[in-house]
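Undergrad: This is the structure I have questions about; it appears just below.
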Amino acid sequence: MAGSKQKKMNARVDFTPMVDMIMLLVTFFMLCTTLMKPQTMEIVMPSDKEDIDDKSRSQVAESKAITIMIAEDRKLYFFKGNAAEDNLEATEYGKDGVRAMLMEANATAQEKVAELKAKFATQQSSDPKKALEAKEQYKKELSEIRNSEDTPSVIIKPSDKATYKDLIDLLDEMQICSIGKYVIDKFTPQDQAKIDRLNKK
């Protein structure tokens, strides 16, 4: 008994399978990030160039245009045409509110979009190359319809009390109603005065 010694066991962890797992995960995420395309929305901002006078800056508002103001508590106000006229109206989000108004103002483009969808619905192909070409052609023609002279120009004016969600929801309405010409402009004290006059009536 005096000469016996207890044998020590060395604990060893094999990390070889872990390296294989890490390489698989890295490869997976690299492929996913390469294949995923960013979803972007084109927004036209008003120009800040000093060589553009106020008359040129408000040229869109005086022609075929719709101005939509976003106030607090998700309240929407709009007027069509000249900003000098006292023609402000109240509306709300949803298919019976601002969407119905935009659909009516953009009825011609809506008919063209419906015809375009029906046209490309018959051109479905199992060939990936032809399907991609048809998709790109559809996007091109859809963009031409949305930016044609038939579509109204929308000026969006979010107030300081409007939320980010209010603005995004209104931009979604632009896509639903096939309107490609819209800008985000500043909400002025004159706009607030118009809203106050309407609420006092």
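The values are calculated or read from the model by the stated rules, or taken from the named source; none is laboratory data. Since the model is a prediction, treat every value here as computed from it, not as a measurement. Virtual Cβ from ideal backbone geometry, glycine too; neighbours counted across all protein chains shown.
Undergrad: May I ask you to say which residue of GLU111, GLU115, GLU72 is loosely packed, with under 14 Cβ neighbours inside 10 Å, at pLDDT 85 or above, within 30 Å of THR188 (Cα to Cα) and acidic (Asp, Glu)?
TA: GLU72 is the lone residue from the list that is loosely packed, with under 14 Cβ neighbours inside 10 Å, at pLDDT 85 or above, within 30 Å of THR188 (Cα to Cα) and acidic (Asp, Glu).
Undergrad: Another question about this same structure. Taking the options LEU167, LEU142, name whichever one is at negative phi and in contact with a strand residue (DSSP E or B) (Cβ under 8 Å, 6 or more places away or on another chain).
TA: Numbers: LEU142 fails: in contact with a strand residue (DSSP E or B) (Cβ under 8 Å, 6 or more places away or on another chain).
Among LEU167, LEU142, only LEU167 is at negative phi and in contact with a strand residue (DSSP E or B) (Cβ under 8 Å, 6 or more places away or on another chain).
Undergrad: Regarding SER126, is this residue outside any helix (DSSP H, G or I), out of contact with any helix residue (DSSP H, G or I) (no Cβ under 6 Å at 6 or more places or on another chain) and surrounded by 11 or more Cβ atoms within 10 Å (Cβ to Cβ)?
TA: No, not satisfied.
Undergrad: Among the candidates TYR93, TYR77, which residue alone is at pLDDT 90 or above and in a strand (DSSP E or B)?
TA: TYR77
Undergrad: Condition first: surrounded by 15 or more Cβ atoms within 10 Å (Cβ to Cβ) and closer than 20 Å to CYS177 by Cβ. Now tell me which residues in the stretch 82-96 satisfy that.
TA: THR91, TYR93
Undergrad: Now a separate question. ASP160 versus (1) closer than 22 Å to SER178 by Cβ; (2) not in a helix (DSSP H, G or I): which is the lone unmet condition?
TA: Going through the list (1) closer than 22 Å to SER178 by Cβ; (2) not in a helix (DSSP H, G or I), ASP160 breaks only (1).
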